[in-house]
1. For segment 56-70, what are the residues that are in contact with a Gly (Cβ under 6 Å, 6 or more places away or on another chain) and of a type in the set (Lys, Arg)?
2. Looking only at residues in segment 56-83 that are free of Cβ contacts under 8 Å to residues at least 40 places away in the same chain and among the hydrophobic types (A, V, I, L, M, F, W, C), which one is nearest to LEU34 (Cα to Cα)?
3. Can you work out which of the residues in segment 65-82 that are β-branched (Val, Ile, Thr) and more than 16 Å from the chain's Cα centre (by Cα) is most open to solvent (accessible area, probe 1.4 Å)?
4. Name the residues in segment 87-109 that are among the β-branched types (Val, Ile, Thr) and open to solvent by 40 Å² or more (accessible area, probe 1.4 Å), would you?
5. What single numbered condition from (1) over 28 Å from GLY155 (Cβ atoms); (2) modelled with pLDDT of 95 or more; (3) of a type in the set (A, V, I, L, M) fails to hold for ALA4?
6. Are any of the residues in segment 110-117 open to solvent by less than 40 Å² (accessible area, probe 1.4 Å), touching a helix residue (DSSP H, G or I) at 6+ places or on another chain (Cβ under 7 Å), modelled with pLDDT of 85 or more and closer than 15 Å to GLY39 by Cα?
7. Tell me yes or no: at least one residue of segment 38-49 is farther than 15 Å from VAL103 by Cα and exposed (fewer than 15 other Cβ atoms within 10 Å of the Cβ).
8. Please give the number of the condition ALA123 fails out of (1) over 19 Å from the mean Cα position of the chain (by Cα); (2) open to solvent by 20 Å² or more (accessible area, probe 1.4 Å); (3) aliphatic (A, V, I, L, M).
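The values are calculated or read from the model by the stated rules, or taken from the named source; none is laboratory data. Computed from a predicted structure; not experimentally measured. Because the Cβ atoms are built from the backbone with ideal geometry, glycine has one as well, and the counts that use them run over all protein chains shown. These accessible areas exclude ligands, DNA and RNA; they are computed on the full protein's heavy atoms, side chains included. Shrake-Rupley method; radii C 1.70, N 1.55, O 1.52, S 1.80 Å.
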Amino acid sequence: MAQAVIDRPPSAAAAYISFSPRLAPSLIAIGGLLSIAGGLGLWVRVTSVDASGIAHQTSRLTGAGTTTGWLIAVLGAAAIASTVIHFPSSRWLRLVASVTAVVLIALRLSDLSSLASAMAFHAGARAGTAFTAYHAGFGWGAWAMTLALVVLALGTIVALLRWLDERKGLAP
């Protein structure tokens, strides 16, 4: 006798899969590394091209020379340390360090954008015909901080969603 196979849809609880317990700490650790590099890296690079076509770096702003840059790097190190060291409240320390770093990086990037625009405007106003091109824009450190902001925000969201799943009993 042949037996019929009946496909039943799985229950809602059986079909739901939570995030891996290692995903959020991994994202936060990567974001912490990017925060350290970006916080101490080159934020604004200013170059000008003279009439002969030679490019000159006229000025630059690095995070290593500012208190904010060091604070971003320390928050990145705290986020990394909280992923390595396991104690009962390390999850909350990790989230606090990540959220604080995200807010500080967002504020600093906004300031850097305004600063680069102001530098370009002032150079154009006082230069006359001294150069043919001028650029004040983000350096590699600002781009690393931007990437750190995204990765830390994703890590924080994943950690909070995983915590909610654990409270509901949906995560192993």
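1. We begin by selecting, within segment 56-70, every residue in contact with a Gly (Cβ under 6 Å, 6 or more places away or on another chain); these are 63, 69.
Once the filter is applied, which keeps residues that are in contact with a Gly (Cβ under 6 Å, 6 or more places away or on another chain) and of a type in the set (Lys, Arg), segment 56-70 yields nothing.
2. The residue in question is ALA73.
3. Of all residues in segment 65-82, those β-branched (Val, Ile, Thr) come to 66-68, 72, 74, 80.
If we keep only those that are more than 16 Å from the chain's Cα centre (by Cα) too, we end up with 66-67.
Working: THR66: 29, THR67: 120 Å².
Here the answer is THR67.
4. VAL96, VAL99, THR100, VAL103
5. (2) is the only condition that ALA4 fails.
6. Filtering segment 110-117 down to residues open to solvent by less than 40 Å² (accessible area, probe 1.4 Å) leaves 112, 116.
Filter once more, so that each one left must be touching a helix residue (DSSP H, G or I) at 6+ places or on another chain (Cβ under 7 Å): 112.
Filter once more, keeping what is modelled with pLDDT of 85 or more: 112.
Okay, now just the ones that are also closer than 15 Å to GLY39 by Cα, so 112.
Yes, segment 110-117 contains at least one residue that is open to solvent by less than 40 Å² (accessible area, probe 1.4 Å), touching a helix residue (DSSP H, G or I) at 6+ places or on another chain (Cβ under 7 Å), modelled with pLDDT of 85 or more and closer than 15 Å to GLY39 by Cα.
7. yes
8. (2)
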